[in-house]
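Undergrad: Questions regarding the structure given below will be posed in turn.
Computed from the coordinates by the stated procedures, all read-outs in this text should not be read as laboratory data. Just so it is clear, the model here is predicted, and its values are computed rather than measured. Ideal geometry is used to build each Cβ from the backbone, glycine not excepted, and the neighbour counts take in all protein chains shown.
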């Protein structure tokens with residue numbers, strides 16, 4: 001005769017099988033078994049062509065080869081990235097909706113609070129799975145400018161508060177926040193000129209319409225090599241490939257001026273651990289072994305800088321804290 005506890009277990013198992021056959025089993029339970037059994041949407045919270053999109057497409061193509069399932073990239077822009085990020089935070093936690101986020105992920109809820117609006121999402125609604133790349137920004141000035149070092153730039157800015165201009169991709173954008181970190185640490189006051197994106201801001205710098213810009217290294221390297229722009233410092237923890245003669249802010253004594261335009265994959269927080277682990281394993285595999293993905297990222301000027309697990313969680317926590325402090329320093333932008 002079966003023990004009552006054994007009967008209970010058998011009945012529960014049979015119920016789960018019946019529910020699964022009827023398509024009624026909770027998605028989170030089904031997902032843990034043979035996930036993925038259908039397409040996985042990769043949400044990009046920005047228009048096509050930007051850092052998140054350029055990273056998401058080759059990553060999605062590589063994952064399709066591993067999973068033998070479609071991984072369509074869905075651009076869901078709006079409110080500087082808030083709309084798409086919030087849609088994933090609220091999505092069913094079944095592993096079939098992922099977010100390719102940028103470093104702005106932690107900044108956006110804080111900027112909403114500063115502007116007096118309730119945040120559409122918070123970062124603790126999302127589980128960090130893996131970082132794909134991380135490009136430190138570079139402080140650029142026109143080659144015709146008088147500044148050859150950060151020290152000269154800071155000394156001039158202290159003499160003329162608010163006279164030196166810098167561009168960005170818009171209020172609270174990654175490029176705006178990177179400069180806020182530097183100006184806060186150096187205790188200088190520059191005049192912010194927001195543009196509709198990093199590309200227009202770089203064009204304005206080349207045209208001499210602004211005095212300085214924090215830029216990703218990819219778009220900048222050719223202009224520096226051609227002698228049209230000068231790089232004074234980078235926001236990384238070590239000197240950049242292609243910018244070996246350019247010191248980091250940390251080298252120059254600005255210990256907390258560290259900033260990366262990074263892209264990483266997130267899932268809704270309640271996604272079952274086995275599904276999170278399976279996606280993490282697949283991302284590690286493609287980033288280490290898929291030559292097509294490696295070529296695509298190198299060509300885009302954003303080489304793979306993979307992290308996952310505790311390492312990525314620690315990086316994300318520390319990076320988010322720096323970014324939130326920088327947004328708070330910027331304050332309310334009218």
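Undergrad: How far is helix 309-330 tilted off the main Cα axis of the chain, in degrees rounded to 10, range 0 to 90?
TA: Its long axis makes an angle of about 50 degrees.
Undergrad: Sorted from largest down, what three extents in whole angstroms do the Cα atoms of the range 197-286 have along their principal axes?
TA: 52, 31, 23
Undergrad: Can you put 248, 203, 37 in order of Cβ neighbours within 10 angstrom, beginning with the fewest?
TA: Result, fewest neighbours first: 37, 203, 248.
Undergrad: For the range 138-234, what value does the Rg/Rh ratio take when both radii are computed over Cα atoms and Rh is the Kirkwood radius, given to two decimals?
TA: My calculation of the ratio gives 0.92.
Undergrad: Expressed as a rounded percentage, what relative contact order does the range 154-313 have, with Cα pairs under 8 Å and six or more residues apart? Mind showing how you got there, number by number?
TA: Details: 177 pairs, mean separation 27.5, N = 160.
For the range 154-313, the relative contact order is 17 percent.
Undergrad: Over the alpha-carbon set of the chain, divide Rg by the Kirkwood Rh and report the Rg/Rh ratio to two decimals.
TA: Expressed as Rg/Rh, it is 1.06.
Undergrad: Give me 214, 145 sorted ascending by neighbouring Cβ count inside 10 Å, so fewest comes first.
TA: By the 10 Å Cβ count, ascending, the order reads 145, 214.
Undergrad: Report, in degrees rounded to the nearest 10, the 0 to 90 angle that the Cα long axis of helix 174-186 makes with the longest principal axis of the chain.
TA: The two axes meet at around 50 degrees.
Undergrad: Let me ask something else. Highest GNM mean-square fluctuation, the chain, Cα pairs closer than 10 Å: which of 119, 272, 146?
TA: Result: 146 has the largest fluctuation of those listed.
Undergrad: Among 215, 234, rank each residue by its count of other Cβ atoms within 10 Å, from fewest to most, as a rough exposure measure.
TA: Result, fewest neighbours first: 234, 215.
Undergrad: Whole angstrom only: what separates the Cα centroid of the range 285-324 from the Cα centroid of the range 121-187?
TA: Taking the Cα centre of each part, the range 285-324 and the range 121-187 sit 21 Å apart.
Undergrad: Out of all DSSP beta bridges with both ends in the chain, state the antiparallel percent to the nearest 5.
TA: 65
Undergrad: Find the relative contact order for the chain and round it to a whole percent, using C-alpha pairs within less than 8 Å whose residues are 6+ positions apart.
TA: Computed over the chain, the figure is 25 percent.
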